[in-house]
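This report refers to the structure that appears directly beneath it.
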Amino acid sequence: MNMNDTANFISKETINMLSNISLDDVAERLGHTLRRSGNNYALFCPNPNHGFEKTPDTMISLSKGLFKCFGGGGCGCRGNNAISFYSWHTYGSAEKEYFKDSVIGLAEIYGIPVKFENGKVIKNDSVQIVPKQRAVMDEVPAQPDEICNKVYRRYLSLCPLLEDHVKEWRKRRKYSDSEIQAFGLRSVPTSVEQANQIVRTLLEEGYNLDRIPGFSKALKVNGDPANEDDWYWIIGMQGKYYLPVRNELGLIVRLRVATGRTDGKAKYVWFSSDPTSPDEIKNSTVYSRDRLRIGGAPSGAVINVTVPSKLLKLWKPGDELSHYFDTSVAIVTEGEHKSTITANYTNQLVFGLPGAGNYQDLIPLAKRMQIKKLAIAIDTDAFVDKTKKQGKNVIVFQHLQNMVTLCIKEDIEVVLWCWNPEDGKGLDDSLLNGVLPIEIDILTDDRKVISLPYIG
Ligand SMILES: [Zn+2]
């Protein structure tokens, strides 16, 4: 390798920095008009050789960090970062031969320095634009459960307990005060000042917030990304209150946020540093174009291992649950409130899935905990939903079938818990109305009304 070859190598640092530019940011700066289309953006093909298009048929998926042309069956224009987008836009190709010029051209738009392995630097000094960062951060893992647990417990203890929320938990969810305390419900800080004060306290007490989902660092306005003092820790402030999510050792590993939305959209979201929804990005001051964020990690979708509140008070985080409790049977339902209410009423272990589709981790979890039997208690609309064309929620029904198949394959006994939709859509509603579900044995089709205490 001679000196001239080395001079051609662009540093990894520069390539990473450019690869992390959000695709919608570079597309707009290159003059493309983006239209929202579901969770994606649609635009006319950036490939200048594509030819005439009636409709914008190239898609940008921010959550996946991809773009792809579908116009007329697709012209081959596709890629997964801002460099390849620039290359397609400028050269009608993302072949290797255009890579170096694309890096330099893209960096020039933002005034980002291009550093070479031999120390040479090219920089457009006439602009300095801090690009929006791509939302995909799955390469950044969250801290181990023990560390998240410590931070979240202290964080929750510093968060307020608003009277309105306490009233709602008592009235609508019928929690006693000691159940509220055991669960660990807390309100989202009500002002930026309060949130900042809590973050300051955590830092003063020596907590490391790096890669704890929900916390991330933002760059001060006009701050220098290279100067560490220009970064400050922030938290997402959306939503009403937090619902702690525990793992099989009772560690609080994630927080769920009740949004208080009544428009049918996400009632619960994760406390996460991963801005996957374009809505969130567009409406938030935190994710605005002129601010970078670092240090965050996405929450993922974890299963909430839920036990009756009276046991929760005794369960020492880090201890195996089987030391306290019969864990041969677990009920499977969705959502944190539903799980807690079900656990309290049935005095059973409950696995709360974040959604009916998030069952991939269910069987491994059941195996680790040596569960012998799962009682699946998914919302009744899987079976009966008169608002749906097929008379039921087909997607949820499909998830249910998959779950059952996986259980049978893994030799875990599986039963369905069903109830009359008139007694409540969710198991919690039915239980709160004093109606116990019917248990259906999948293999024999035997049916019986559950009695309490439940004997699996
Ligand atoms: Zn195309």
Quiz item: Within the range 357-399, which residues are part of a loop (DSSP other than H, G, I, E, B), of a type in the set (Gly, Ala, Ser) and at pLDDT below 80?
Solution: Gly357, Gly391
Practice problem: Mind telling me which of the residues Val350, Val302 ends up being part of a loop (DSSP other than H, G, I, E, B) and open to solvent by less than 40 Å² (accessible area, probe 1.4 Å)? | Solution: Val302
Practice problem: Identify the residue in the range 40-49 that is more than 11 Å from Phe70 (Cα to Cα), out of contact with any Asp or Glu (no Cβ under 7 Å at 6 or more places or on another chain) and of a type outside the set (S, T, N, Q) and, among all such residues, is surrounded by the fewest Cβ atoms within 10 Å (Cβ to Cβ). | Solution: Pro48
Quiz item: Of the residues Leu30, Leu34, which single one is open to solvent by 10 Å² or more (accessible area, probe 1.4 Å), touching a strand residue (DSSP E or B) at 6+ places or on another chain (Cβ under 7 Å), away from the ligand (no atom under 11 Å from the Cβ) and of a type in the set (A, V, I, L, M)?
Solution: Leu34
Practice problem: Report yes if Ser187 is modelled with pLDDT under 95 and among the polar types (S, T, N, Q), otherwise no. | Solution: no
Practice problem: Filter the range 313-326 down to the residues that are in contact with a strand residue (DSSP E or B) (Cβ under 9 Å, 6 or more places away or on another chain) and modelled with pLDDT under 90, then identify the one that is surrounded by the fewest Cβ atoms within 10 Å (Cβ to Cβ). | Solution: Asp326
Quiz prompt | Which listed residue is more than 16 Å from the ligand (Cβ to nearest atom) and touching a residue at least 24 places away in the same chain (Cβ under 8 Å), from Val103, Val127 | solution = Val103
Quiz item: Restricting attention to the range 90-105, which residues are in a helix (DSSP H, G or I) and open to solvent by less than 50 Å² (accessible area, probe 1.4 Å)?
Solution: Ser102, Val103, Ile104, Gly105
Quiz item: Inside the range 41-58, can you point out the residues that are under 28 Å from Ile104 (Cα atoms) and away from the ligand (no atom under 11 Å from the Cβ)?
Solution: Tyr41, Ala42
Self-check item: Those residues of the range 50-66 which are open to solvent by less than 30 Å² (accessible area, probe 1.4 Å), among the polar types (S, T, N, Q) and farther than 24 Å from Val130 by Cα, in sequence order
Solution: Thr58
Quiz prompt | Residues of the range 64-73 classified as in a helix (DSSP H, G or I) and more than 9 Å from the ligand (Cβ to nearest atom), total | solution = 1
Quiz prompt | Condition check for Glu117: more than 15 Å from the ligand (Cβ to nearest atom), modelled with pLDDT under 95, in contact with a Phe, Trp or Tyr (Cβ under 7 Å, 6 or more places away or on another chain) and open to solvent by 10 Å² or more (accessible area, probe 1.4 Å) | solution = yes
Quiz item: If we scan the range 74-87, do we find a residue that is of a type in the set (A, V, I, L, M, F, W, C), within 16 Å of the ligand (Cβ to nearest atom), under 17 Å from Asn16 (Cβ atoms) and not in a strand (DSSP E or B)?
Solution: yes
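The values are calculated or read from the model by the stated rules, or taken from the named source; none is laboratory data. As the structure is a computational prediction, the values presented were derived from the model and not from experiment. For neighbour counting, all protein chains shown are included, and Cβ atoms are generated from backbone atoms with ideal geometry for every residue, glycine included. Each accessible area value is taken on the protein alone, full model and side chains, heavy atoms only, with ligands, DNA and RNA left out. Shrake-Rupley method; radii C 1.70, N 1.55, O 1.52, S 1.80 Å.
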